[in-house]
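Beneath this line is the structure, given in structure tokens, with notes to follow.
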Amino acid sequence: IVGGQRRRRAVRVTIAVTLVVYGVITGLDPPVFRALVAFGLLALGLRFGRPTPVAACLAVPALISALWWPSELGSASFLLSYAAVVGLHVAGAGAHDGPLQNWLVRALRSSLWATLLTAPLISR
């Protein structure tokens, strides 16, 4: 058990460091910043064994973005990224599927929902 916990922690730390480096390279543009904040919330929730609701992962980065980049809240980038996240969340809300469905069907379902929810924003 201890080895598995160390591996999971090492994976989370590696992902976090990679994301921070990516954020620095991109100049912490608003969409990247929102993604980093959302990942941070999820990582903290995992670390302390607390579920992190999708609403928190959307609201907290939006509130912080409103302080730094208030004009960004109505932008196409903001609307598209939040619509895609909602679509991905809806797609993942199904019953527990088998291994093949987890990798194939869930990926297709996620893509479909993200597309359906972002298409009206793209066609403007």
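The values are calculated or read from the model by the stated rules, or taken from the named source; none is laboratory data. Keep in mind the model is a prediction, meaning the values are calculated, not measured. Counting neighbours? That spans all protein chains shown, and the Cβs are built from the backbone with ideal geometry, glycine included. SASA here: full protein model, heavy atoms, side chains in, ligands and nucleic acids out. Shrake-Rupley method; radii C 1.70, N 1.55, O 1.52, S 1.80 Å.
Points worth noting:
- Packing-based ranking, highest mean first, of 9-18, 50-59 given that Cβ atoms within 10 Å are counted: 50-59, 9-18
- A66-T14 FRET efficiency (beta carbon distance; Förster radius 35 Å; 0.05 resolution): 0.70
- Solvent-accessible area per residue for the range 2-82 (1.4 angstrom probe, square angstrom): 67
- Cα gyration tensor shape for the range 1-64, rounded if a/c is under 1.5, else prolate or oblate: oblate
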